[in-house]
Amino acid sequence: MASFNGLGMGLGNLSLLSDAETRSISAENFTGEKGKGGMAAEGTGANAARDLGVGWKVSPSIQLKGGSTATLADIVGPGVIQHIWLTVHPKQWRNLILRFYWDDEDNPSVEVPVGDFFCNGWCERANVNSMPIAVNPAGGFNSYWKMPFRKSAKVTMENRSDEDAWLYYQFDYALTQVPDHCAYFHAQWRRSNPLGYKEVHTILDGVRGQGHYVGTYLAWQVNNNGWFGEGEIKFFMDGDKEFPTICGTGTEDYFGGAWNWEHPQGEYGTYSTPFLGMHQVIKPDGLYRANQRFGMYRWHVMDPIRFKSDLRVTIQALGWRSGGRYLPLQDDIASVAYWYQSEPHAALPPLPSADELEVI
């Protein structure tokens, strides 16, 4: 009987036996060791559990001091992270930076503010009902991106604010053999605020090696009146220079919608589906809120964009001016690119300062 390593789970193979070992890291078991969960005598729940003692939710979370970095998971492989759940106060979603390191690498393969990673870049919750990412009431972040590693996996979170954060989290993973043809998960955050006139927003650049692009999240603030989504997304791959191999037809088209997402007439119609969505519209109201804000995602799970040597991804911000002419917009656009590739990877560009990350 052929052995099953427990990777690539779905309904079609759910009945198969495997020698993979299931483990979980949380504030109740920082190392994920077998039989070591719920043993804490001190923690953020110690006072509430004072009458009950060890084993009664003594350490459900961690206090992440302002200006500090915590290691959330440090796993010896081979294996695969299969599910991540976490929650933290929305006001800190741009201040907390997630980083993932595979196989003892010095430069992270993932470096993204936690809210943006889970398609909530505006520090205001919008539920997401998709296959790789699910956001549920009232701020439960879930990731089902498959993240294989061969030697080790380390996940850290940096608190860039001056305020402490209380973080609840759980990493569910399997210790198992990883095939040679499995690539490593990567994610990168970028922001144009504001986008320069007649410039394009770069979603991803500098990728070197073989891999496949699997997802885009955009947090988009429109700084003009009128429709903003005529711009094309473009994928430059394997030596493309001035013109891309893949060119979209419009922003809402790329995210699976059509005709300005106007449904019913006069309103933006939000949606969240397994692989694409425009799940968030924040409208100006009250005394101090200006400019409409949007959140949208596109997962290339069923249609990954494969490249052999390099990849660059850009999107235009394009509206309308008088006379039926296009207007290059100067919007506030933040993005997360998700992709798999062989290692080593090119170093990610440094994140901007805390002020440049801030949502205001």
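Consider only pairs whose beta carbons are under 8 Å apart and that are at least six residues apart or on different chains; among these, list those whose first residue lies in the stretch 224-247 and is small (Gly, Ala, Ser) and whose second residue is open to solvent by 40 Å² or more (accessible area, probe 1.4 Å) and not in a loop (DSSP other than H, G, I, E, B).
The qualifying pairs are Gly226/Trp320; Gly229/Asn260.
Can you tell me which residues in the stretch 222-237 are in a strand (DSSP E or B) and either over 15 Å from Asp332 (Cβ atoms) or open to solvent by 40 Å² or more (accessible area, probe 1.4 Å) (or both)?
Within the stretch 222-237, Ile233, Lys234, Phe235, Phe236, Met237 qualify.
Out of curiosity, is Met131 outside any loop (DSSP other than H, G, I, E, B) and hydrophobic (A, V, I, L, M, F, W, C)?
no
Scan the stretch 170-183 residue by residue and report those that are under 18 Å from the mean Cα position of the chain (by Cα) and farther than 15 Å from Tyr144 by Cβ.
Once the filter is applied, which keeps residues that are under 18 Å from the mean Cα position of the chain (by Cα) and farther than 15 Å from Tyr144 by Cβ, the stretch 170-183 yields only Ala183.
For the stretch 209-221, does any single residue satisfy the condition of being of a type outside the set (A, V, I, L, M), surrounded by fewer than 17 Cβ atoms within 10 Å (Cβ to Cβ) and more than 26 Å from Leu311 (Cβ to Cβ)?
Among the residues of the stretch 209-221, not one is of a type outside the set (A, V, I, L, M), surrounded by fewer than 17 Cβ atoms within 10 Å (Cβ to Cβ) and more than 26 Å from Leu311 (Cβ to Cβ), which makes the answer no.
Return yes or no: is Trp339 among the aromatic types (Phe, Trp, Tyr) and open to solvent by 70 Å² or more (accessible area, probe 1.4 Å)?
Spelling it out, it is not the case that Trp339 is among the aromatic types (Phe, Trp, Tyr) and open to solvent by 70 Å² or more (accessible area, probe 1.4 Å).
Please name all residue pairs, on different chains or six or more residues apart, with Cβ atoms under 6 Å, provided the first residue is in the stretch 347-360 and is farther than 22 Å from Tyr101 by Cα and the second residue is not basic (Lys, Arg).
Val359/Trp122; Val359/Cys123
Would you be able to tell me the number of residues in the stretch 42-77 that are under 20 Å from Phe100 (Cα atoms), aliphatic (A, V, I, L, M) and surrounded by 13 or more Cβ atoms within 10 Å (Cβ to Cβ)?
Total satisfying the criteria: 6.
Test each condition in (1) in contact (Cβ under 8 Å) with a residue 40 or more places away in the chain; (2) outside any strand (DSSP E or B) for Arg190 and report the one that comes out false.
Single failed check for Arg190: (2).
Output the residue which, of all residues in the stretch 162-177 that are open to solvent by 20 Å² or more (accessible area, probe 1.4 Å), in contact with a Gly (Cβ under 8 Å, 6 or more places away or on another chain) and outside any strand (DSSP E or B), is nearest to Ile84 (Cα to Cα).
Asp164
Determine which member of the set Trp320, Trp299, Trp259, Trp339 is more than 24 Å from the chain's Cα centre (by Cα) and touching a residue at least 60 places away in the same chain (Cβ under 8 Å).
Trp320
Is it the case that Ser130 is of a type in the set (Gly, Ala, Ser) and in contact with a His (Cβ under 9 Å, 6 or more places away or on another chain)?
yes
Collect the residues in the stretch 6-15 that are surrounded by 12 or more Cβ atoms within 10 Å (Cβ to Cβ) and either of a type in the set (Val, Ile, Thr) or more than 26 Å from the chain's Cα centre (by Cα) (or both), keeping them in residue-number order.
Asn13
I'd like to verify a number: residues in the stretch 6-53 that are in a loop (DSSP other than H, G, I, E, B), among the hydroxyl-bearing types (Ser, Thr, Tyr) and closer than 20 Å to Pro179 by Cβ, how many?
Going through the stretch 6-53 one residue at a time, the tally reaches 1.
Which one is nearest to the chain's Cα centre (by Cα), of the residues in the stretch 106-145 that are surrounded by fewer than 17 Cβ atoms within 10 Å (Cβ to Cβ) and touching a residue at least 24 places away in the same chain (Cβ under 8 Å)?
Ranking the candidates gives Tyr144 first.
Would you confirm, using the coordinates I've provided, whether Asp238 is closer than 30 Å to Asp104 by Cβ and of a type in the set (D, E, K, R)?
yes
The values are calculated or read from the model by the stated rules, or taken from the named source; none is laboratory data. Owing to the predicted nature of the structure, the values given are computational and were not obtained by experimental measurement. Here Cβ is always computed from backbone atoms with ideal geometry, including for glycine, and neighbour counts include all displayed protein chains. We work out accessible area using only protein heavy atoms, side chains counted, and drop any ligands, DNA or RNA first. Shrake-Rupley method; radii C 1.70, N 1.55, O 1.52, S 1.80 Å.
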